[in-house]
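Below: the structure, in structure tokens.
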Amino acid sequence: MIVYLNNEFLQLEEAKISPFDRGFLFADGVYESIRTYNGKLFYYKDHLKRLRKSLNEIRLLYNETEKIERIIYELINTNNINGEALIYLQITRGTSVPRTHSFTQEDVNPTIFISAAPLKRNEQEQKEGIRVSLQDDIRWLRCDIKSISLLPVIIANQSAVDAGGKEAILRRNGLITEGSHTNFFAIKDKIALTAPAGPLILSGITRMIVLELFNQLEIKVKEEFIKADELKMFNEFFITSTIKEITPVVQIDEWIVGDGKPGELTHKAQNAFDELVENY
Ligand code: PDD
């Protein structure tokens with residue numbers, strides 16, 4: 001595998017970073033996961049916009065975002081990825097020797113790492129749906145920043161996996177915020193609900209696409225929090241992300257949703273999404 005690290009395309013084994021990198025020491029950095037459809041980066045401009053916002057919010061000055069797109073396509077080519085690709089991109093605030101919490105903008109030399117790997121849709125999950133598990137949302141209050149500081153996410157996700165689920169659905173003060181690495185939608189009476197954009201969720205690109213598709217399909221959507229203790233009043237759920245696309249949720253912990261099969265509006269969203277990506 002060839003990866004990109006600080007202006008160089010390197011064999012993975014040769015890609016080295018300092019143990020004093022602030023990403024390693026403090027999780028002081030941000031990231032993006034981007035994918036292709038038909039070999040073309042999907043909604044790249046929106047990912048770039050979100051990356052710039054994340055960088056800006058954590059005061060990380062990185063002014064070479066313009067060249068990232070070219071690097072990504074080169075990585076896809078040099079790794080001979082013929083099908084679809086998943087791109088992982090991370091920018092940290094570089095090294096601090098000795099380890100110091102504060103930083104001086106003039107001394108910051110960011111670390112940028114990008115990798116590309118083949119990506120295949122999980123057909124079974126898409127068709128049959130998944131089981132998820134409710135977990136407490138113990139993340140910080142700036143979930144709108146795509147920070148690499150993911151320990152609360154790892155804990156919640158692992159607890160969900162240990163409980164037999166594929167994803168953790170997070171609950172903060174009785175409200176459902178999102179999944180550990182996905183956004184969450186619930187449907188009742190033909191109306192879709194998803195948590196409002198703001199500091200308590202990451203505003204997903206796939207979430208935004210689904211909102212647009214529902215609008216086009218004239219399906220009503222409300223950006224409102226779903227109460228955890230009212231989940232059973234809904235009859236359809238799904239999660240969204242770059243990797244999971246639109247994945248139906250058919251079981252929440254021990255509760256099987258409806259007949260245990262993906263719902264009608266979930267299907268509609270999936271079909272509209274497939275049409276969009278086919279023609280992308
Ligand atoms: N996760 N919410 C959270 C907390 C996320 O981490 C993600 C993305 C999403 C969905 O965003 P998008 O539709 O833009 O992929 C929502 C990525 C895929 C990851 O963790 O790799």
For I191 and D259, extending 7 Å from Cα along the Cα-Cβ vector and measuring point to point gives, in nm, a value of 2.6 nm
Pop a pseudo-label 7 angstrom from the Cα along the beta-carbon direction at both D229 and E13 and give the gap in nm to one decimal.
-> 5.9 nm
Rank P118, L60, L211 by how far each Cα sits towards the positive end of the charge dipole of the chain (+1 on Lys, Arg Cβ; -1 on Asp, Glu Cβ) and give me just the farthest.
-> L60
Note down the magnitude of the dipole of segment 1-156 about its Cα centre, charges +1 on Lys and Arg C-beta and -1 on Asp and Glu C-beta and zero elsewhere, to the nearest 20 debye.
-> 340 debye
Residue of S102, S241, S149 that the Gaussian network model of the chain assigns the largest fluctuation, springs spanning Cα pairs under 10 Å = S102
For N215 and N63, extending 7 Å from Cα along the Cα-Cβ vector and measuring point to point gives, in nm, a value of 3.4 nm
Between L151 and E278, the FRET efficiency computed from the C-beta separation at R0 = 30 Å comes out, to the nearest 0.05, as 0.20
Mean Cβ-within-10 Å packing, highest first, puts peptides 197-210, 249-262 in the order 197-210, 249-262
Those trypsin sites (Lys or Arg not before Pro) in segment 3-79 that DSSP places in a loop and that have at most 12 other beta carbons within 10 Å = K16, R59
Once the Cβ-Cβ distance between T78 and E106 is put in as r, and R0 is 41 Å, what FRET efficiency do you end up with, to the nearest 0.05?
-> 0.75
Counting only heavy atoms of protein chains, what accessible area per residue, in Å², does the chain have with a probe of 1.4 Å?
-> 51 Å²
Applying the Karplus parametrisation 6.51 cos²θ - 1.76 cosθ + 1.60 with θ = phi - 60° to the phi angles of segment 63-72, what ³J(HN,Hα) value in whole Hz is obtained for each residue in order, glycine and proline being reported as x?
-> 10, 10, 5, 4, 8, 5, 4, 5, 4, 4
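Give the relative contact order (percent, whole number) for segment 88-127; include only Cα pairs under 8 Å separated by 6+ residues. Show your work: numbers first, answer last.
Numbers: 30 pairs, mean separation 19.5, N = 40.
Over segment 88-127, the number comes to 49 percent.
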Extended-chain gain in nm, criterion 0.36 nm per residue less alpha-carbon gap, K222 and R70 = 51.0 nm
Portion, in percent, of the accessible area of segment 124-278 that falls on carbon or sulfur, probe 1.4 Å = 52 percent
Place +1 on the Cβ of every Lys and Arg and -1 on the Cβ of every Asp and Glu in the chain, take the dipole about the Cα centre, and give the residue among I17, Y44, T95 whose Cα lies farthest towards its positive end.
-> T95
If amide H atoms are built 1.01 Å from N in the plane of the peptide, which residues on other chains or at least 5 residues away come under 5 Å of the amide H of A192?
-> K220, V221, K222
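Roughly how many percent of the accessible protein surface of segment 2-120 is carbon and sulfur, given a 1.4 Å probe and a whole-percent answer?
Details: 3300 of 6530 Å².
Of all accessible area on segment 2-120, carbon and sulfur atoms account for 51 percent.
The values are calculated or read from the model by the stated rules, or taken from the named source; none is laboratory data. Values in this document were obtained by computation on a predicted structure and should not be read as measured data. For neighbour counting, all protein chains shown are included, and Cβ atoms are generated from backbone atoms with ideal geometry for every residue, glycine included. We work out accessible area using only protein heavy atoms, side chains counted, and drop any ligands, DNA or RNA first. Shrake-Rupley method; radii C 1.70, N 1.55, O 1.52, S 1.80 Å.
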